[in-house]
Amino acid sequence: MEEFTIRTTEQLPHVLKAFRKAAGLTQADVATRLGVTQQTVSALERNAETVSTARLMKLMDLLGVDWVMRAREKPSASTPGDLNEW
């Protein structure tokens, strides 16, 4: 199974759209299954960084996609050393 590393919010819409297409679903199909309009799905694919985590998780479940988090071997300079710093 192919994996994709997402490090910026700009990458997320492209990957979600690719997973939708790979699943053979149109935006209208996804909208019907999520109980939203096709326009909402379109907006989600354009601006995924503004979508609530709950809605994103529902979409990912529909597409059969898992959200996997793992620590990097060496944190980048922009990554806080302590999660409590956020």
(message) With the requirement that a residue be open to solvent by 60 Å² or more (accessible area, probe 1.4 Å) and assigned to a helix (DSSP H, G or I), what does the range 1-17 give you?
(response) His14, Lys17
(message) For the structure I just gave you, tell me whether Ala28 is loosely packed, with under 10 Cβ neighbours inside 10 Å, modelled with pLDDT of 90 or more and in a helix (DSSP H, G or I).
(response) no
(message) Going through Gly35, Gly64 one at a time, which residue ends up being at positive phi and within 13 Å of the chain's Cα centre (by Cα)?
(response) Gly64
(request) Please find, within the range 39-61, the residue that is least open to solvent (accessible area, probe 1.4 Å) out of those that are free of Cβ contacts under 8 Å to residues at least 12 places away in the same chain and among the polar types (S, T, N, Q). (result) Thr40
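The values are calculated or read from the model by the stated rules, or taken from the named source; none is laboratory data. Predicted model only: the values in this text are computed from it and were never measured. Every residue, glycine as well, gets a Cβ built from its backbone with ideal geometry; the counts of neighbours run over all protein chains shown. Calculation scope for accessible area: heavy atoms of the full protein, side chains included, ligands and nucleic acids excluded. Shrake-Rupley method; radii C 1.70, N 1.55, O 1.52, S 1.80 Å.
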